[in-house]
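Peer 1: Take this structure, written in structure tokens, and hold onto it; I'll ask about it next.
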Amino acid sequence: MYCRRGRIATWGLGLVAAGAVVLASTLPAGAAGILPPSNPSANIAPASSDWLSSIDTGRADEGVGPMTVSESTVSAMSVPEQIFVLVNLERIDRGLQPIQYMTNQLNLDALGGANAGSDPGFPTAVNGSGPVMYGGSIWAGGLTNVFEADYYWMYEDGWGGLLSATSNAACNLLSASGCWGHRDIILHQFAGCGGAAPTLSMGAAYSEAGYAGGSMAAVLISTCGGAPSDVTMTWNQVLGGLLNANRVIGIATMPNGSGYWEAEANGTVANFGAAANYGSMAGQTLNHPLVGIASTPDGRGYWLVASDGGIFSYGDASFHGSMGGHSLNQPIVGLALDRATGGYWLVASDGGIFSFGAPFFGSTGSLHLVQPIVGMEALANGAGYRFEAADGGVFCFGQATFDGSMGGQTLLASVVGMAADLATGGYYLIAGNGGLFTFGGASFLGTLSL
């Protein structure tokens, strides 16, 4: 069956132990974004010919932050590695466990599907890890761009109506259960193994022979054993290597405006001006990427925060609590210090606030945002704070004043973080490519070269 723009997209999902086609029936309370079985109410039209922009538009509709990754960086990887990266970014940005391993065995299974132009099969056991508890497979034909495939798998996978086509060949009046099937597999919440987390593995492949215009496929598997014996790539390698080396996620400033720190999602911290480096999470195993940084009142330490709300303290930064281990409606995207109390605030992508030794001045948690919140900063006297959205828009609370924004401007990369210039009362916005925007007297001192 031919689909819109010449694409074929079918899907397969099975619970191997029962030999039946099933979907996840339970989800964590307050899971971020729209997770199965509550899929989007309608397909989301492409925003532009740039597929990452279309993905970000679809994410904003769910209240999920933009996919802060460089298209050129991902495109330099092999197609199977690109699929591994994008599947995991879709999962972790919604608070789901990443797929930890790619394996040679599962890559070969995926290649069988790509060569045949159909959903790949999956084995009954994973080499070195034991019996398969869950298996799901996806396929797309007629395209070579993995960002494009991800868009159609995730954001235009539903019913297209009686008079319009859909990119999902299994979603029609005769097989409505296939609607959003690719998305359901990518965002599947895998069952645990007693009191332990499951081991998640996948394989992916691309074939020029499998379908005119290109054929790509993936297999997602869970087991209750250890790491597979034929691993070709791990998610921790991706986090600590090529992908996140180009993901700036936040900025924190010295109290006197003489320097600042920039942080990356893999835990790296870079210092500029008079700012000293007190340590980082670079090279460490991260269950969730870092999303924000804030400095202490005297500038002799800082906190890093991960998307699950976990806090890491350096220098003279004290731990006052975190959201690590708690259910979140939306992932954490930033933090800011309350200089009046020594506590801090965490902010989620919907603008929801979590206070630790700090007062509450308001939030955007109950509002519909055009773009999700991506960071925050606070006044020197602790009497207010500001949020910024991915498009550079700024929201002010308490005594915080508006000194300008990048809202409505054309940006080469989405805004990812915000920090106060305490010397002038101004603030900085920083984009995912390292671009820095200053407002209200804040000074430019340099930035990471990306």
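Peer 1: Does N277 satisfy the condition of being in contact with a Phe, Trp or Tyr (Cβ under 8 Å, 6 or more places away or on another chain), part of a strand (DSSP E or B) and either open to solvent by 40 Å² or more (accessible area, probe 1.4 Å) or among the acidic types (D, E) (or both)?
Peer 2: Answer is no for this residue.
Peer 1: Would you confirm whether or not segment 215-226 contains a residue that is more than 14 Å from I99 (Cα to Cα), part of a strand (DSSP E or B) and of a type outside the set (A, V, I, L, M, F, W, C)?
Peer 2: Looking through segment 215-226, at least one residue is more than 14 Å from I99 (Cα to Cα), part of a strand (DSSP E or B) and of a type outside the set (A, V, I, L, M, F, W, C).
Peer 1: When segment 382-399 is examined, which residues are found to be buried (at least 20 other Cβ atoms within 10 Å of the Cβ) and out of contact with any Ser or Thr (no Cβ under 8 Å at 6 or more places or on another chain)?
Peer 2: Once the filter is applied, which keeps residues that are buried (at least 20 other Cβ atoms within 10 Å of the Cβ) and out of contact with any Ser or Thr (no Cβ under 8 Å at 6 or more places or on another chain), segment 382-399 yields Y385, R386, A389.
Peer 1: Now for a different question. Take the residues in segment 365-392 that are touching a strand residue (DSSP E or B) at 6+ places or on another chain (Cβ under 6 Å) and part of a loop (DSSP other than H, G, I, E, B), then tell me which one is farthest from S54 (Cα to Cα).
Peer 2: The selected residue is A383.
Peer 1: Is there a residue in segment 315-332 that is open to solvent by less than 30 Å² (accessible area, probe 1.4 Å), under 24 Å from T285 (Cα atoms), in contact with a Gly (Cβ under 7 Å, 6 or more places away or on another chain) and not in a loop (DSSP other than H, G, I, E, B)?
Peer 2: yes
Peer 1: Assuming G440 fulfils every condition listed in (1) open to solvent by 10 Å² or more (accessible area, probe 1.4 Å); (2) free of Cβ contacts under 8 Å to residues at least 24 places away in the same chain apart from one, which condition is it?
Peer 2: (2)
Peer 1: Only one of I138, I92 is under 20 Å from P289 (Cβ atoms) and in contact (Cβ under 8 Å) with a residue 12 or more places away in the chain; which?
Peer 2: I92
Peer 1: Also: Give me a count of the residues in segment 285-310 that are part of a strand (DSSP E or B) and surrounded by fewer than 22 Cβ atoms within 10 Å (Cβ to Cβ).
Peer 2: 1
Peer 1: Within segment 183-227, track down each residue that is open to solvent by less than 10 Å² (accessible area, probe 1.4 Å), closer than 15 Å to V132 by Cα and either aromatic (F, W, Y) or more than 22 Å from the chain's Cα centre (by Cα) (or both).
Peer 2: Scanning segment 183-227 gives a single hit, T223.
Peer 1: Restricting to segment 333-361, give me the number of residues that are touching a residue at least 40 places away in the same chain (Cβ under 8 Å) and open to solvent by 50 Å² or more (accessible area, probe 1.4 Å).
Peer 2: The total comes to 4.
The values are calculated or read from the model by the stated rules, or taken from the named source; none is laboratory data. On a predicted model such as this, the values are computed, not experimentally measured, just so you know. Cβ sites come from the backbone with ideal geometry, for glycine too, and all protein chains shown count toward neighbours. Accessible surface areas use protein heavy atoms only, side chains included; no ligands, DNA or RNA. Shrake-Rupley method; radii C 1.70, N 1.55, O 1.52, S 1.80 Å.
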